[in-house]
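Reading through the structure tokens given below for one structure.
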Amino acid sequence: MVPKLDSASMVSNMLDPKCFSAQASTASKVACSQPEDPRSVDSADIKQPTSQQTVDWRSNDAVVLQPLYTRNGSGTSSPMIRDRDYLLRGMTTERGQSLSVDLRQRHSHPDPEQTNRAALDDLQGGVTSLELRLDRAVRSGSWQVFSVNRTTANEMPCDGIRGDELLSNELLGEDGVMLYEASDFDTAFAAVPLDQTAIALDAGNSFLAAAASIAALWERRGVDPTEARGAFAADPIGSLSRDPSLSRLRGKPMLGLSDLATWTSRTFPHVSSVAVDTTTYYDGGGTDTQELAFSIATAVQYLRAMTTTRDSRTESLSIDHAAAQILFRYSLGTDHFLSIAKLRAARALWARVLNACGGSPSSMKIQTCTSSRVMTDRDLNLNLLRNCVVVFSGLLGGADTITSLPLDHAIQLPDTFGRRMARNTVLILSEEAQLRRVVDPSGGSYFFETITNQLCEQAWSLFQEVERRGGMLACVRNGWVAKQVAQSAQKWASQFAYGEKTIVGVTKFVNSRDRVVRRAPPDLDRLREIAMQRCAEHGDAQVAIPLFEHGPNLAEAMFVAAQSGASIPQMNRMLGDQASREVSQ
């Protein structure tokens with residue numbers, strides 16, 4: 001029996017400054033066992049520079065990059081975890097077999113029919129999974145946006161949502177697909193082989209309703225639960241960080257996350273229910289160290305929620321089962337050395353957390369995404385090169401899933417050519433360049449082992465600071481995390497302003513003949529009118545279904561409601577009524 005998570009002992013263990021000390025390590029001193037080099041490190045062909053000749057370069061993470069790395073000075077001994085060298089590799093394979101990578105493309109066109117056409121085109125072109133970003137109306141978690149008479153009865157207070165946003169339909173179709181009810185999901189996934197295609201969601205605060213809708217669609221299409229694959233991506237802390245104006249952390253969202261994880265674990269063995277999405281920190285100007293630390297701090301908060309039983313009627317998960325429910329999403333930039341080291345460091349940090357919590361060493365599910373901060377709206381063809389570097393880093397870093405952004409990502413919704421080039425970048429590097437034929441190709445390099453260790457040390461120190469301040473949710477709510485990222489972003493921006501860094505085609509080597517490309521946005525007025533007419537016909541925002549008639553598990557109750565034809569606004573209304581009753585009691 002795997003021991004359950006003890007929050008107090010876990011935090012005390014992880015805050016121990018000796019957690020990453022060299023004395024606490026029992027691992028081997030070198031990453032790869034090699035015969036001694038017969039040459040001396042100070043031989044004529046490899047001269048050691050004097051102190052005056054040494055030229056070190058520091059990244060924004062204060063990672064020191066030296067001109068030369070040797071066995072003696074590389075620091076390849078493991079200061080982190082037992083079996084570090086095995087865990088850093090993340091994946092193993094039989095000899096002669098290549099590692100598979102899941103090519104997951106993101107879709108956010110507001111029209112479900114357009115989304116369906118783009119999704120089928122991607123699947124035909126080699127994409128293996130689809131990620132749908134639902135619009136801000138759904139991600140807000142509110143049913144009021146869909147209410148025809150804009151009533152505010154029984155609605156809990158909104159932590160930051162402006163009243164004019166709730167009482168208008170401007171959130172409909174904004175920055176996402178308009179999927180509100182069963183027919184919309186059927187349209188978006190028409191002709192998509194759901195038993196062979198993984199489906200991932202970005203539903204913000206509506207993660208319970210969206211997960212129930214997808215599960216109901218799988219049942220209607222006859223997909224066996226053991227064959228269903230995907231990611232429900234419940235991430236309330238990430239939603240709060242990405243869009244504070246839509247924060248609706250009401251009704252104890254961690255309980256919803258816990259119920260979803262428990263239900264998913266026993267119902268869909270190949271679906272992850274929780275996402276630790278820290279791309280918003282890196283895209284906003286944060287450093288690799290910050291993204292690593294905040295991802296681990298978020299995952300620890302989710303582990304506590306999933307392994308805690310709130311009453312005698314509810315279930316909880318063991319550490320191992322809870323860890324299996326988490327998918328980590330990281331943004332990668334064009335510094336491929338640090339990007340590869342970041343993915344290797346993430347595995348070491350996560351293994352250290354699981355070890356401190358009494359869990360077993362297990363593989364870490366990682367999805368990498370091209371950072372939006374390296375994509376420009378000028379000289380779009382150069383975005384191909386930047387995206388190629390990012391995908392290269394993800395493949396060599398051992399990412400399980402890769403999302404490649406189209407070259408026209410920064411201007412408007414991508415066109416067919418942009419999506420094609422995005423997926424072909426992954427396919428060419430993976431299949432033709434065969435970058436997935438070797439497990440952890442950077443392993444054993446003195447350079448990579450050193451900067452991996454440095455990232456681990458600094459990220460662990462920052463993670464401990466987050467824990468001392470009350471955990472990740474508290475630090476996001478009081479603005480401490482935003483302040484740390486803002487300081488890094490300011491430094492990053494100043495480096496471009498003073499020429500210390502360059503963006504080719506934007507700050508240097510500007511193409512004078514290049515023109516800024518502009519595309520007409522989709523006809524949101526027409527789509528919103530259709531959506532509101534359907535809401536008026538079906539009375540979505542006016543229907544309330546008793547939530548706990550179907551049992552104490554929120555996710556299971558929502559699934560039963562979705563089977564009965566409830567829409568996402570209806571299910572959010574159910575949660576709102578339940579939260580109101582809890583407050584009144």
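The values are calculated or read from the model by the stated rules, or taken from the named source; none is laboratory data. It should be emphasised that the depicted structure is a prediction, and the values quoted were computed from it without experimental measurement. Note: ideal-geometry Cβ built from the backbone for every residue, glycine included; neighbour counts use all protein chains shown.
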Looking at Asp288, Asp243, Asp224, which is the one that is over 24 Å from Val353 (Cα atoms) and either under 17 Å from the mean Cα position of the chain (by Cα) or buried (at least 24 other Cβ atoms within 10 Å of the Cβ) (or both)?
-> Asp243
Which of (1) within 28 Å of Gln458 (Cβ to Cβ); (2) buried (at least 19 other Cβ atoms within 10 Å of the Cβ); (3) of a type outside the set (Gly, Ala, Ser) is the odd one out, the single condition Phe268 does not satisfy?
-> (1)
Residue count, the range 453-480, condition on the phi > 0 side of the Ramachandran plot, within 22 Å of the chain's Cα centre (by Cα) and either free of Cβ contacts under 8 Å to residues at least 24 places away in the same chain or surrounded by fewer than 17 Cβ atoms within 10 Å (Cβ to Cβ) (or both), comes to 1
Name the helices (runs of 4 or more DSSP H) wholly within the range 333-430 that hold at least 3 residues that are farther than 24 Å from Gln124 by Cα and small (Gly, Ala, Ser)?
-> 336-356
Do the conditions hold for Ala261, that is, is it small (Gly, Ala, Ser), at pLDDT 95 or above and closer than 21 Å to Ile296 by Cα?
-> yes
Pro414 fails exactly one of the following numbered conditions: (1) touching an Asp or Glu at 6+ places or on another chain (Cβ under 8 Å); (2) touching a residue at least 12 places away in the same chain (Cβ under 8 Å); (3) under 23 Å from Ala119 (Cβ atoms); (4) of a type outside the set (A, V, I, L, M, F, W, C). What is the number of that condition?
-> (2)
Restricting attention to the range 107-128, report how many residues are of a type in the set (Gly, Ala, Ser) and over 16 Å from Phe185 (Cβ atoms).
-> 2
Regarding Lys483, is this residue assigned to a helix (DSSP H, G or I) and either without any contact (Cβ under 8 Å) to a residue 60 or more places away in the chain or over 30 Å from Glu465 (Cα atoms) (or both)?
-> yes
Since Ile545 meets every condition but one in (1) modelled with pLDDT under 80; (2) aliphatic (A, V, I, L, M); (3) not in a loop (DSSP other than H, G, I, E, B), which condition does it not meet?
-> (3)
Starting from the range 520-548, take each residue that is within 21 Å of Gly176 (Cβ to Cβ) and hydrophobic (A, V, I, L, M, F, W, C) and list its partners that are modelled with pLDDT under 55 and not in a loop (DSSP other than H, G, I, E, B), counting only C-beta distances under 7 angstrom and pairs at least six apart or across chains.
-> Cys535/Ala541
So Leu327 fits all but one of (1) closer than 17 Å to Val271 by Cβ; (2) part of a loop (DSSP other than H, G, I, E, B); what number is the exception?
-> (2)
Do you know which residues across the range 451-499 are of a type in the set (D, E, K, R) and in contact with a Cys (Cβ under 6 Å, 6 or more places away or on another chain)?
-> Arg469
Out of all the residues in the range 383-405, is one or more at negative phi, basic (Lys, Arg) and either in contact (Cβ under 8 Å) with a residue 60 or more places away in the chain or touching a strand residue (DSSP E or B) at 6+ places or on another chain (Cβ under 7 Å) (or both)?
-> no
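Listed here are the residues, each with its yes/no results for (1) of a type outside the set (Ser, Thr, Tyr); (2) within 22 Å of Thr115 (Cα to Cα); (3) modelled with pLDDT of 95 or more.
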| position | (1), (2), (3) |
| --- | --- |
| Pro193 | yes, yes, yes |
| Ala215 | yes, yes, yes |
| Asp224 | yes, no, yes |
| Ala231 | yes, yes, yes |
| Val276 | yes, no, yes |
| Tyr281 | no, no, yes |
| Gln290 | yes, no, yes |
Of the residues that make up the range 486-506, is at least one part of a helix (DSSP H, G or I), touching a helix residue (DSSP H, G or I) at 6+ places or on another chain (Cβ under 6 Å) and among the hydrophobic types (A, V, I, L, M, F, W, C)?
-> no
